[in-house]
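Below is one structure, written out as structure tokens, with a few remarks after it.
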Amino acid sequence: MRKGIVQLVAIGVVIGVITALVAVLFQWLPASASEEFDRIQAIYWFATWMSVVIFSIVAAVVVYSVWKWRVPPDDDAEGPPIHGHTGLEIAWTAVPAILVIALGIVSAVVMSENGQARDDALQVRATGQQFAWKFEYPELGEFSTGELVLPVDQQARFTMEAVDVIHSFWVPNFGQKMDAVPGIETTINVTPTETGEFAVVCAELCGLGHATMRAKARVVTQAEFDAWIEEQDA
Amino acid sequence: MTATHPEPNVREYPEHFEPPRGSAHRTLLGAGLVRGAWMALAGFGLGALLVMALRAWWGWDPVWDTEIILVVGAMVLAPIGFLAGIGAFDYWLHYISGRPTRPEDHSGHGATSWHDYFRVNTDHKVIGIQYLVTTFVFFTIGGLMAMFFRAELAEPGLQFVDSQTYNGLVSVHATLMIFLFIIPAFAGLANFAVPLMLGAPDMAFPRLNALSFWLLPIAGIMFVASFLAPGGAFGAGWTGYAPLAEGQPMGQTFFNMGVQWAGASSIMTALNFLVTIITMRAPGMTFWRMPLLVWANFTTSLLVVLATPFIAGSQFFVMFDRIMHTDFFTPEGGGYVLGYQHIFWFYSHPAVYIMMLPGFGIVSEVISSMSRKPIFGYRLMALSLLGILVLGFSVWAHHMFVAGMADWLRVPMMITTLLIAIPTGIKVFSWVATLWRGRIHLTTPMLFALGFVTMFVIGGLSGIYLGSVPIDIAASDTYFIVAHIHYVLFGGSVFTIYAGVYYWFPKMTGRMYSETLGKWHFWLTFVSFNATFFPMHYVGLRGMPRRVFDYDSAFGNLNLFISIASFVLGASFILFVYNMVTSWQRGPIAESNPWHARTLEWQVTSPPPIFNFDEIPQVVGGPYEYGVPGARHAVLTPSKEKAEEKEEVHA
């Protein structure tokens, strides 16, 4: 039996290492370009390591059992009548409960941090209409643009609405997404941490041109941003 | 003159005179597909006339309004005409109109030739097979649509279809797979197995059972026929979010109405299962002696009965907005857009469990009997089903974390969502514990069951990512979701349907399928399934939204790979069909209990007698008492010799 346990653990470790390699060798997440996404990526890794362990345990027991206890088709013996094991059942109720509650708490904390609007946040209005985005900066002037420009390291608070059907504002590198809904206003925060150009993608099926409803987000330094505002206002 | 009161019999009631088979009179007026066809046409004509007459009377212009005529004529009265024509209502109409009925008439029962599968049949075993064959037909159609749009997605840009057709293909694919394959395929398997497992001669309401089956093809034909509607098929996704759905071409109405027929079918079947399970258990079959498949269908049926009216409502509201110009979901008229999503997901989240719990039941049966061991923690397995049932109603808004709903709802819905991992985890760990020290027979159903356990764990774990609000905000509405639902519904539900079909195939047909082909089918499906859906997690997280015909060219190579893998997955299905068809025709004759299982369906012949049990079984123990010396689930033939034998054993 001891030998069996060693073999089982060995199989589990092999599966665990392979799964872990799959998790780290591929760049599953786009590079984070916002404070919000940094926090989300932390929970992502928490969930990933939890998943690697759980998957490895289940897969190891399946592989080991089939390898160890497979019988030919004509075998007509029966296995030992094990009906259950209270200790084990309590364990596999309690341990996942603790894990998911931990994940829930971490998620709630991140959610609340990402949802906090600072007083000095840059107000941006985003309006979705089949099949383009329109951005406005109500505090900075009466102009609208199809290209989203944000200053780096400055929280932007988006207020969203839609003209016709539901759209969804998503910048993969910001890790933030929110539906723009006709008739109501929705909000989301983005605090860019990297300058550069990023894609704005519509994530909610909005009709014939949904796949092409894309825009550009440009994150620039505060000075460049001020200059750009001047230019727009002129 | 005799004073005795004559027993009613056929001769005294001329209504029961049946013209000879093959006569024109019988073909046209006797219950059947021919009468179904002309009565459907008549129903449509009546509907069209009714609409035109009313419009003319009120002076509305134009008198001919295609969409309304389609709704009233083609989608309400034609199906009712069809059902009346094939004879689904005959008994009830006779009863209502005071004409004599024949309570002991079993002419609607059983099947002696393939013709009997094409009529209103009241035998749960025939209905089970009708369900399965029909659902696999729609699985094929839905699968071909998937092949089509995977071809389109093999490279960025539009190649084969226009964007409305693309959206239509995606929407109809999902709709068929959900409403015409997974949900009813489980209903079919359960229809066949549950009464047998309970020791019952049939379902509680055989005529209702027949009617629920015949509603299905109606729904399926509506979904597929939407491609013929002016403007093309419904293209707002299977979720049909308002207000997009309200601005869709006429095809959307086909979805709105098709869901009503499929939903009615589900509800009737679920009521039937509930009454059957509660009232028709054999003597001694207590709740704690029921096989887990029965438990699973009991909980599923509760979900169906409580939840399905909500999707029916949501689709009626959308249709009323579309054709009656009400304002349920139109903000201009004071409607509330998010209201649609709340109502829709109040059904459609429980629907995920409707599409999963029966599979849990199947896998419990297969793993226990193929490991030759009692299921690990039987009571906790049953209780965890009930846990999922209760929690399943409190998580719907996790589909709406980025929808702009009330903020306070997010945390409670996240917590309940994550908590569902606990009963689900209990089930997974109990299945693998059942394997432990078993004597494992790696047959095709067992392969699919084990494939299910591992794939479902992946689907469950990606579900935990999505349950966490912040991760969901990043991953929602992307290909990550597509990957997740396919790990849950294909790696999960479809694998269990395959397991169930292979497992009960010998019982249904009396013949054995080919193990070699079955194993090939499994491995091809398993590998190509993973090759198709695993990379979708990656493209989704990296930035590819779902439901797009065009995407960033950076995802070109991976999408090509996914498309090729999906074609292999499609091809693997041909092996399954070939195996089923040829084995049904000329496979080796199956024993009555090829798996040496303990549950009741295996204690009768294959296929079972017309009323399942020639004598009512007496249940004396649990259903999975493998390896327990002398333990029995039921005593079936209490004939004298057997009783004496038993005495001797006891002595």
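Below is a table of values for the structure above.
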| quantity | calculated |
| --- | --- |
| Contact order relative to length of chain B, as percent, for alpha carbon pairs under 8 angstrom and 6 or more apart | 13 |
| Normalised contact order of chain A, rounded percent, pairs of Cα under 8 Å and 6 or more residues apart | 20 |
| Cα gyration tensor category, rounded, prolate or oblate, for region B:179-333 with a/c compared to 1.5 | prolate |
| Binned Cα-Cα distance frequencies in region B:138-249 - 5 Å width, integer % | 2, 11, 17, 19, 15, 11, 8, 7, 5, 3, 1, 0 |
| 10 Å Cβ neighbours from other chains, averaged over peptide B:364-375 | 3 |
| Length-normalised contact order of region A:1-114 in % [C-alpha pairs under 8 Å, at least 6 apart] | 42 |
| Cβ-based net charge around A:GLN116, under 13 Å, with every Lys or Arg adding one and every Asp or Glu removing one | -3 |
| Within region B:316-369, chymotrypsin sites (Phe, Trp or Tyr not before Pro) in DSSP loop having at most 15 other beta-carbon neighbours inside 10 Å | none |
| Selection from A:GLN123, A:SER112, A:PHE143, by position along the positive dipole direction of region A:101-162 (Cβ) | A:SER112 |
| All-pairs Cα distance distribution in the protein assembly as shown, expressed in whole percent, bin size 20 Å | 14, 44, 32, 9, 1, 0 |
| Highest to lowest packing among A:67-75, B:433-441, B:44-52, scored as the average C-beta count within 10 Å | B:433-441, B:44-52, A:67-75 |
| Size of electric dipole in the protein assembly as shown: Cβ of Lys, Arg +1 and of Asp, Glu -1, about Cα centre, debye, nearest 20 | 3160 |
| Mean Cβ neighbour count within 10 Å, used as a protection proxy, ranking B:212-223, B:593-604 highest first | B:212-223, B:593-604 |
| Which of B:MET580, B:MET147 has the fewest Cβ neighbours within 10 Å, and the rest in rising order | B:MET147, B:MET580 |
| Span-like helix ranges in chain B, DSSP H, alpha carbon extent 30 angstrom or more, Kyte mean at least 0.5 | B:33-57, B:124-153, B:251-279, B:292-319, B:444-467, B:556-586 |
| Helical mean residue ellipticity (222 nm; -39500 (n - 2.57) per DSSP H run of 4+; nearest 500) of chain A | -15500 deg cm²/dmol |
| Gyration tensor (alpha-carbon) shape descriptor, region B:93-191, a/c threshold 1.5 | prolate |
| Residues B:SER430, A:SER168, A:SER51, sorted so that the one with the fewest Cβ neighbours within 10 Å comes first | A:SER51, B:SER430, A:SER168 |
| Charge dipole magnitude, Cβ of K and R +1, D and E -1 - chain A, Cα centre, debye nearest 20 | 1280 |
| Shielding score for A:112-119, defined as the mean number of other chain Cβ atoms within 10 Å | 1 |
| Estimated 222 nm signal from helices in chain B, with DSSP H stretches of n ≥ 4 weighted -39500 (n - 2.57), rounded to 500 | -20000 deg cm²/dmol |
| Scattering curve values for region A:120-234, log₁₀ I(q)/I(0), Debye with Cα scatterers, q = 0.14, 0.20 Å⁻¹ | -0.52, -1.06 |
| Mean Cβ neighbour count within 10 Å, used as a protection proxy, ranking A:188-201, B:413-426 highest first | B:413-426, A:188-201 |
| Cα-based shape type of region B:46-150, given that a ≥ b ≥ c are square roots of the gyration tensor eigenvalues and the cut on a/c is 1.5 | oblate |
| Average beta-carbon neighbours from other chains, 10 Å sphere, peptide A:154-167 | 2 |
| Degrees between helix A:2-25 axis and first principal axis of chain A (Cα, 0 to 90, nearest 10) | 20 |
| Efficiency of FRET between B:LEU560 and A:VAL95 - r from beta-carbon atoms, R0 30 angstrom, step 0.05 | 0.15 |
| Between 0 and 90°, nearest 10: helix A:86-115 axis offset from chain A longest Cα axis | 10 |
| Ranked list, fewest to most other Cβ atoms within 10 Å of each Cβ, for A:TRP92, B:TRP114, B:TRP60 | B:TRP114, B:TRP60, A:TRP92 |
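Every read-out reported here was derived from the displayed coordinates using simple, explicitly stated rules and does not represent laboratory data. Since the structure is predicted, the reported quantities are computational estimates derived from the model, not experimental observations. So basically every Cβ, Gly included, is an ideal-geometry build from the backbone, and we count neighbours across all protein chains shown.
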